[in-house]
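For reference, the structure discussed in these notes is given below.
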Amino acid sequence: MEHEKVNILLVDDQPAKLLAYEVILKELGENLVVASSGREALEFLLKNEVAVILVDVCMPELDGFELAAMIREHPRFQKTAMIFISAIQVSDFDRLRGYEMGAVDYVPVPVVPEVLRAKIRVFAELYRKTRQLERLNTELEDRVRARTAELEQSTTRLVESEQRRSMAIAAGKMGSWDWDWINGDWMWDEGQYKIFGIEPGTLDVTSSNIQTLFHPDDVDGLRQAWGEFTKGAKSYETEFRIVRPDGEIRWCVGTAAASIDKDGRVVRVSGVTVDITDRKRAEERQSLLTREVDHRAKNALALAQSIVRLTRAQNMNAYVKAVEGRITALARVHTVLSLSSWQGAEIRRLVAEEVAPYSGAGQIQIEGAEVQLQPATAQTLALALHELVTNSAKYGSLSALAGRLAITWEVESDTLILAWVETGGPAVTKPTSKGFGTRSVIASIETQLGGQADFDWRKEGLICRLTVPLRSAISSDTSQYREMLAQDRQAMTSRVG
């Protein structure tokens, strides 16, 4: 280790003596600091660490004894080595006084260089070793604290891990087992019994009995995995099913590792079983949802295609407006169904969404009990309502400020009966032929939902009664539009609409 220099403070009011001390002590290779008065020495001490103080006894203002007393009063310098130098013959009383003030030695004048260097060297080295020990002790304490913190963290992680394992076991999600390969003995913990749905002590845990608990289709795979241990495999992981005594099938993942003796033979196999049934069910639900979304997307696209191909209009602007209106209606019901994760739609919200553009003037009355519609029923009914409200806005009660529209419904024997009653609008005459809107309503309600659509063209206003079964629908695809397409194929012309 490189020599670590320490500070040696030389205190004397005579420059010649200070120079002499510097010459004598220079070969020690330490930092020599001179002070010509006690006050100057104190100023240096307050800012620096000092290994040894060499101080003259006889000085003006503060003599050596007074300076030593003041130095010792400071807690930082209570153990600092001080050597007195006296040019006069000192008595035993003076020596005793010096020692009481904190001196560790006396050096008489004339100074013997070898003696002074030897004394200073001893105290400087003692100071250096003391500081090294302090640093080593600090480092050791830091290491102990770091190691203690590391052990505490490790213990915390171990406790947390054990708590998670205990929670998993308590929840019946994880278990462990041990199999003596030599004599065939098995050991199951509490979690293993819970996974298999068996009360501890009610099953003789043997290889043959355990095999009966596995799903028949997975037994061969597990046998093959165990057989790999005889071929040198050290571990395996596989998914399998078990059949509980009550007939419930559960999915598990098993991990096992083999213990080998000095001859390379398997002596023991230990493993962990984790119940992953919930994960498997979630994966199945996700897969089902993906297929359902794909199916509904294809249906929506097919329905939009049918709307585009079957819509009739007198000009391009009318055609675009009609197509946009029908596709917007489809989008609205799609949004309602999406908010319910495609579980269904509440009829009041469905009706309100379709008539919302015309409800600001207070012309529309909506009344009926809460009814949850199946997705296919909601989608089809929304398009039928769109055709009715569009027709009413063009030719019926919603085309006049005095017109009124009442939409009411009730449920009888799992059948929805919705009444659409218009009054106060222009006089109504029964059309000589059914337009696209009317045929669309009839086709969607009767062909797709297996219901019935009745139109009463009264002079006072249209009454339409829709009867829809709530528990089943004939089809969830676009069959009504395909049927209408076949009926209109002959009427299609090169003109738009």
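Any read-out appearing in this document is the output of simple, stated calculations on the displayed coordinates, not a laboratory observation. Everything numeric in this text was worked out from a predicted model, so none of it was measured. Every residue, glycine among them, receives a Cβ derived from its backbone with ideal geometry; neighbour counts consider all protein chains shown.
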**Prompt:** Working out 0.36 nm times the residue gap between L213 and R117, then minus their Cα-Cα distance, what length gain in nm do you get to one decimal?
**Reply:** 25.5 nm
**Asked** Where in region 26-58 does the label zone of L126 land, with the point 7 angstrom along Cα→C-beta and an amide N cut-off under 17 Å?
**Response** 50-55
**Request:** Let me know the shape class of region 7-137, please: from the alpha-carbon gyration tensor, a ≥ b ≥ c as square roots of the eigenvalues, rounded when a/c is under 1.5, otherwise prolate if a/b is greater than b/c, or oblate.
**Result:** rounded
**Message:** With N set to the number of residues, divide the alpha-carbon radius of gyration of region 174-275 by 2.2 N^0.38 Å and report two decimals.
**Reply:** 1.05
**Asked** What's the extension gain from R279 to A352 if we count 0.36 nm per residue and subtract their Cα-Cα distance?
**Response** 22.3 nm
**Request:** Show which aspartates and glutamates lie in cross-link reach of K262 when reach means a straight Cα distance below 17 angstrom and same-chain residues fewer than eight apart are skipped.
**Result:** D180
**Request:** Arrange M187, M82, M70 by Cβ neighbour counts within 10 Å, fewest through most, would you?
**Result:** M187, M70, M82
**Fill in**
The extension gain from E460 to T206, computed as 0.36 nm times the residue separation minus the Cα-Cα distance, is 82.9 nm
**Item:** 9 Å beta-carbon shell around R131, net charge (K/R +1, D/E -1)
**Value:** 0
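With a Förster radius of 30 Å, plug the Cβ-Cβ distance of S399 and Q372 into 1/(1 + (r/R0)^6) and report the FRET value to the nearest 0.05. Intermediate values should be presented prior to the final figure.
Working: r = 33 Å, r/R0 = 1.09.
Working from the Cβ atoms, E equals 0.35.
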**Prompt:** R241: net charge of surrounding residues, Cβ under 10 Å, Lys/Arg +1, Asp/Glu -1, itself excluded?
**Reply:** -1
**Label-to-label distance, nm, for residues given as V411 and D246 (7 Å Cα→Cβ offset)** = 3.2 nm
**Asked** Taking other Cβ within 10 Å of each residue's Cβ, how do T423, T328 sort, fewest first?
**Response** T328, T423
**Residue order, fewest to most beta carbons within 10 Å, for H215, H74, H386** = H74, H215, H386
**Message:** For K119, give me every one of the aspartates and glutamates with a C-alpha distance below 17 angstrom, ignoring sequence neighbours fewer than eight places off in its own chain.
**Reply:** E22, E27, E30, D56, D105
**Request:** Report, ordered by chain and residue number, the lysines lying within cross-link reach of K394, taken as a straight Cα distance under 23 Å and ignoring same-chain residues fewer than 8 apart.
**Result:** K321, K430, K434, K459
**Complete:** Diffing region 36-41: the Karplus 3J(HN,Hα) column from phi (6.51, -1.76, 1.60, θ = phi - 60°), in whole Hz with x for Gly and Pro, holds 8, 7, x, 5, 5, 5
**Message:** Taking θ = phi - 60°, what integer Hz values does the Karplus form 6.51 cos²θ - 1.76 cosθ + 1.60 yield along region 197-206, in sequence order, with x for Gly and Pro?
**Reply:** x, 10, 6, x, x, 9, 10, 7, 6, 10
**Request:** Answer with one residue from H215, S259, W186: the one whose Cα lies farthest towards the positive end of the charge dipole of region 174-275, charges on Cβ with Lys, Arg +1 and Asp, Glu -1.
**Result:** S259
**Ordering of 199-210, 443-454 by packing [mean C-beta count within 10 Å, highest first]** = 443-454, 199-210
